[in-house]
Amino acid sequence: MVRTMTLTSKRRFGGSLLLAGVAAVGLSIGSAAQAAEWKFAIEEIDGSVQDRYAQEFKRLVEEKSGGDITVTVYPYGTLGTSADLTELVTQGAIQFANSSPGHLGTLVPEIQVFSIPYLLSDNNEANKKVLTESPVIYERLGSEFEEKGLKLLTMYPEGEMVWTTNREIRKPEDFDNFKMRTMVSPMLVEAYESFGANPTPMPYGEVYGGLQLKQIDGQVNPIFAIEEMKFYEVTDYMIWAGQQQFTTTVVTNADWYAADLTDEQRKIVDETVAELADYIFEVQDEFNETRLEKIKQAKPDMKMIRLSDEERAVFEERAQAVRERYVEMVGEDGEEVLQALEEEIKQAEKEAM
Ligand code: 6CS
């Protein structure tokens, strides 16, 4: 039997009071419990990678619960910015949200390790393995999430982040006086400062207008997002610098997950999350490939540049300073997280070869 989410978690009642209450309302609890309704807010629009994940999550949860649970997916723009969505989860107003590290840095500083350029592998299979199984993520970083009232359910990659710009960028000097839009985590500001740009954090929904009005000169995102958000319409270059894989987390409210869910509901959530790891990896791969073709067709004169190994090495060298800033910001703990994660990535690369 499933149960609806309520603010009356078991811990907020004394045992005898709870028993008396249950006895008083009798069977009505049982029947109300049939209709659990969960809300899942995503940071992207309909048809995006996060949307495909949330829609499949909905399908599986509804199927596994025999219709006892319904899941409503809220696309970007319906409930607020990424930071707003995370806050709604901590308040228990919604049950699930995507909270990408690029937006989560102020709340959970340690997760900004994923905003350090050139940290994750060029081999996305290795990244997938780390993001799905890493003890550093699910134990160490997971406990940082718990402290903020969040349960980190999963992480997944959404594709290599590509610069779309109004000028050719091949070396740090090309970033002189260049306003690069970043997500809002402080480490991303550090990263683009180290590359020689003027980082300009802003919410996702303002990027198209910012490019159009020339408040910013470029932005960085995976290809599927560049296509669906139409960023290519208001920029001239797409530049692959190999500097970052977009990663996201799916979070739920920690108290709700631990205390309000029945064992059966928790099992449904855990099983669904485990089943979706392969699925979403394939979706993002396919989306990034097919949407690049769409961009080429829609704008044949979009200039596409892949930095050479030598050009890329210059940015990679600059990124060393970002690692140091991460440790300064997060402290000793940060150094351990960074080292342990690098170890895991190396190991996963060996296994993925
Ligand atoms: O750039 C951003 O802000 C956003 N990019 C993607 C691909 N997903 C969500 C995020 O908020």
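Each reported figure results from applying straightforward, stated rules to the coordinates on display, with no laboratory input. Predicted model, so just to flag it, every value in this text is computed and none were measured. All Cβ positions, glycine included, derive from the backbone under ideal geometry; neighbour counts span all protein chains shown.
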- Report the label-to-label distance for Asp176 and Thr290 in nanometres (one decimal), using points 7 Å from each Cα along the Cα→Cβ vector. 4.4
- Listed by chain and number, the residues whose amide H is under 5 Å from that of Gln244, excluding neighbours fewer than 5 places away on the same chain and using placed H, are Tyr118, Met161
- So what's the gap between the Cα centers of segment 45-123 and segment 125-182, to the nearest angstrom? 14
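For Met304, Met202, what ranking results if the residue with the fewest other Cβ atoms within 10 Å of its Cβ goes first? Let's see the in-between values first.
On the way: Met304 12, Met202 17.
Listing Met304, Met202 from fewest to most nearby Cβ atoms yields Met304, Met202.
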- Too long at a 18 Å Cα-Cα cut-off: which of Lys230/Lys299; Lys64/Lys267; Lys128/Lys230; Lys64/Lys148? Lys128/Lys230; Lys64/Lys148
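What's the exposure ranking of Leu119, Leu131, going from fewest to most Cβ atoms within 10 Å? Provide the component values of the computation, followed by the final result.
Numbers: Leu119 20, Leu131 24.
Placing the least packed residue first, the sequence is Leu119, Leu131.
Using the crude model of +1 on Lys and Arg Cβ and -1 on Asp and Glu Cβ, and no other charge, please compute the dipole size for segment 283-353 relative to its Cα centre, in debye to 20.
So the magnitude is around 760 debye.
Report, in debye and to the nearest 20, how large the dipole of segment 122-195 comes out about its Cα centre when Lys and Arg carry +1 and Asp and Glu carry -1 on their Cβ. Kindly include the intermediate steps, with their values, before the conclusion.
On the way: 10 positive and 15 negative charges, 38 e Å.
It comes to approximately 180 debye.
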- Task: Using Cα positions and a limit of under 23 Å, work out the lysines in reach of Lys171, with same-chain residues fewer than 8 apart set aside.
- Result: Lys179, Lys214, Lys303
- Just report the Cα centroid separation between segment 221-236 and segment 263-312, whole Å. 14
- What shape does segment 65-104 have by the C-alpha gyration tensor, where a ≥ b ≥ c are the square roots of the eigenvalues, rounded means a/c under 1.5, and otherwise prolate means a/b greater than b/c and oblate the rest? prolate
- Note on the structure: With x for Gly and Pro, the residue-by-residue ³J(HN,Hα) of segment 205-222, computed from phi through the Karplus equation 6.51 cos²θ - 1.76 cosθ + 1.60 at θ = phi - 60° and given in whole Hz, is x, 9, 5, 4, x, x, 5, 4, 8, 6, 6, 10, 9, x, 8, 9, 6, x
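With N set to the residue count of the chain, report its C-alpha Rg divided by 2.2 N^0.38 Å to two decimal places. Before the final figure, lay out the partial values.
On the way: Rg = 21.5 Å, N = 353, 2.2 N^0.38 = 20.4 Å.
My calculation over the Cα atoms of the chain gives 1.05.
Which order do Asp301, Asp174, Asp122, Asp309 fall in if you start with the one that has the fewest other Cβ atoms within 10 Å? Let's see the in-between values first.
On the way: Asp301 5, Asp174 15, Asp122 11, Asp309 8.
Starting with the residue having the fewest Cβ neighbours, the order is Asp301, Asp309, Asp122, Asp174.
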